[in-house]
1. Can you tell me which residue within the range 145-174, out of those that are touching a helix residue (DSSP H, G or I) at 6+ places or on another chain (Cβ under 7 Å) and of a type in the set (S, T, N, Q), is surrounded by the most Cβ atoms within 10 Å (Cβ to Cβ)?
2. Could you figure out which of (1) of a type outside the set (A, V, I, L, M, F, W, C); (2) open to solvent by 40 Å² or more (accessible area, probe 1.4 Å); (3) touching a residue at least 24 places away in the same chain (Cβ under 8 Å) isn't true of Gly47?
3. If I go through the range 198-214 residue by residue, how many of them are over 15 Å from Ser46 (Cβ atoms), part of a strand (DSSP E or B) and open to solvent by 20 Å² or more (accessible area, probe 1.4 Å)?
4. From Leu58, Leu69, which residue is within 24 Å of Gly219 (Cβ to Cβ) and either touching a residue at least 60 places away in the same chain (Cβ under 8 Å) or of a type outside the set (Phe, Trp, Tyr) (or both)?
5. Would you say Leu112 is buried (at least 18 other Cβ atoms within 10 Å of the Cβ), at negative phi, free of Cβ contacts under 8 Å to residues at least 40 places away in the same chain and part of a helix (DSSP H, G or I)?
6. Please verify whether Thr177 is in contact (Cβ under 8 Å) with a residue 12 or more places away in the chain and either of a type in the set (Ser, Thr, Tyr) or surrounded by fewer than 16 Cβ atoms within 10 Å (Cβ to Cβ) (or both), treating the condition exactly as stated.
7. Determine whether Asp87 is open to solvent by 60 Å² or more (accessible area, probe 1.4 Å) and either more than 21 Å from Asp10 (Cα to Cα) or touching a strand residue (DSSP E or B) at 6+ places or on another chain (Cβ under 6 Å) (or both).
8. Collect the residues in the range 120-144 that are in a loop (DSSP other than H, G, I, E, B) and open to solvent by 60 Å² or more (accessible area, probe 1.4 Å), keeping them in residue-number order.
Amino acid sequence: MSSPVLSLQDVTLSLRGNAGMVKILHGISLNVAEGETLGLVGPSGSGKSSLLMIMGGLERATTGTVTALGHDLTAMDEDALARFRRDNMGVVFQRFHLIPTMTALENVATPLELAGLPDAFDRAQAMLDRVGLGPRADHYPAQLSGGEQQRVALARALAPQPKILLADEPTGNLDGTTGQAITGLMFELSKDHGATLVLVTHAPELAALCDRTVPLRDGLIDAEALAGSQTRAAE
């Protein structure tokens, strides 16, 4: 059996709040296989987004180890983490996080330029064409609808052809029809590029598209809900 693309071993996360340290995650152990689509589900405050951020090295685990593509993220400094994400990961956020002073084309091309690719703008244009926004390449985020902005964000995340795609509530700010279109596109493009997809979602219909779901509650994997989902999947 091949090694997992992502592996978390006994990961905890504590963050400082107004009343002192607050424990967010309590000893999470989880493996994600190459090419798998994994949905992190659970109520608000269960730790889903925090767990996703730890997978991407955007948040540091307080204790435990996080391994991605055989590399120990917990041992890397910030510069090394940034380089690793640039070369191996794409991230899609609920709020798009586009640079407002850059056009759609520039938003998609910038990570490619930072990676030193000489054909950054050609690749960016091709990816915008792929998500149906080729004619809108010279538009700024403020000139685009929410769904169009999320398409740009998806194009930006996938243009470098990452091995891992992380998505945090990617349809959370979109209406149902637009969200379905973005969902279909995200799964299609991830599969085409052979990326492992991990996403956080509250939407049951989106979670149902994943190969596997991991339910969280109060910073722990909800063993009872996980067993129930596995039983239903086997029936």
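The values are calculated or read from the model by the stated rules, or taken from the named source; none is laboratory data. Everything numeric here is computed off the predicted structure, so don't read it as measured data. A quick note on method: Cβ atoms are made from the backbone with ideal geometry, for glycine too, and the neighbour counts reach across all protein chains shown. These area figures cover heavy atoms from the full protein model, side chains too; ligands, DNA and RNA do not enter into them. Shrake-Rupley method; radii C 1.70, N 1.55, O 1.52, S 1.80 Å.
1. Gln150
2. Every condition holds for Gly47 apart from (2).
3. Of the residues in that region, 1 qualify.
4. Only one candidate passes the filter, namely Leu58.
5. The answer is no for Leu112.
6. no
7. It is true that Asp87 is open to solvent by 60 Å² or more (accessible area, probe 1.4 Å) and either more than 21 Å from Asp10 (Cα to Cα) or touching a strand residue (DSSP E or B) at 6+ places or on another chain (Cβ under 6 Å) (or both).
8. Asp138, Tyr140
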